[in-house]
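Worksheet: one structure, shown below.
The values are calculated or read from the model by the stated rules, or taken from the named source; none is laboratory data. Please read these numbers as outputs of a predicted model, since none were measured by experiment. Backbone-built Cβ (ideal geometry, glycine too); neighbour counts: all protein chains shown. Accessible surface is based on the protein model in full, side chains and every heavy atom, while ligands, DNA and RNA are left aside. Shrake-Rupley method; radii C 1.70, N 1.55, O 1.52, S 1.80 Å.
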Amino acid sequence: MQIQDELGPVFGTKVAFVSISLDPEHDTPEVLKDYAQFWGAKPEGWSFLTGSLEAVHEVTRRYGVFFAKKEDGSVEHSQLTTLVDADGQMRVQYLGARFDPEEFRHDLLSLVDKE
């Protein structure tokens, strides 16, 4: 959320965030809309996606994300943020605890400046 706010006018015009649910059985479009509103995600630049379990498996396979639904209904997953450029090319992946918001913002803005 902090990075969304720091991006100012480029957010939603040159930069978009996409979050993908790993629990499509629970995370209906309405649930995701409520989640986004609760956290203050700006809809003009942040999409929350869900789909069939098969589609989720395909996306996670392509990006190298592990996830598994546990017996209690929670979902265990790797934490991965992927930076994709305007041409759809994966540029950088930030894994779990290594995610540094300042590094991400810097890398993101370096791509915006190249346009």
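Among residues belonging to the stretch 91-107 that are open to solvent by 90 Å² or more (accessible area, probe 1.4 Å) and either of a type in the set (Asp, Glu) or under 13 Å from the mean Cα position of the chain (by Cα) (or both), point out the one that is modelled with the highest pLDDT. Within the stretch 91-107, the match that is modelled with the highest pLDDT is 102.
Return the residues of the stretch 1-46 that are surrounded by 13 or more Cβ atoms within 10 Å (Cβ to Cβ) and in contact with a strand residue (DSSP E or B) (Cβ under 6 Å, 6 or more places away or on another chain); say none if nothing qualifies. The answer is 4, 7, 17, 19, 20, 22, 23, 32, 36, 45, 46.
Scanning the stretch 71-89 for residues that are open to solvent by less than 100 Å² (accessible area, probe 1.4 Å) and either in contact (Cβ under 8 Å) with a residue 12 or more places away in the chain or of a type in the set (Lys, Arg) (or both) gives 73, 75, 77, 78, 80, 81, 82, 83, 85, 86.
Here is the figure for the stretch 91-108: residues that are under 17 Å from residue 17 (Cβ atoms) and without any contact (Cβ under 8 Å) to a residue 24 or more places away in the chain total 8. Please verify whether the stretch 47-68 includes one or more residues that are open to solvent by 50 Å² or more (accessible area, probe 1.4 Å), under 26 Å from residue 10 (Cα atoms) and over 14 Å from the mean Cα position of the chain (by Cα). Within the stretch 47-68 (the criterion being open to solvent by 50 Å² or more (accessible area, probe 1.4 Å), under 26 Å from residue 10 (Cα atoms) and over 14 Å from the mean Cα position of the chain (by Cα)), the answer is no, since none of the residues qualifies. Checking each residue in the stretch 37-65 for being in contact with a Leu (Cβ under 9 Å, 6 or more places away or on another chain) and not small (Gly, Ala, Ser) picks out 48, 49, 50, 56, 59, 60, 63, 65.
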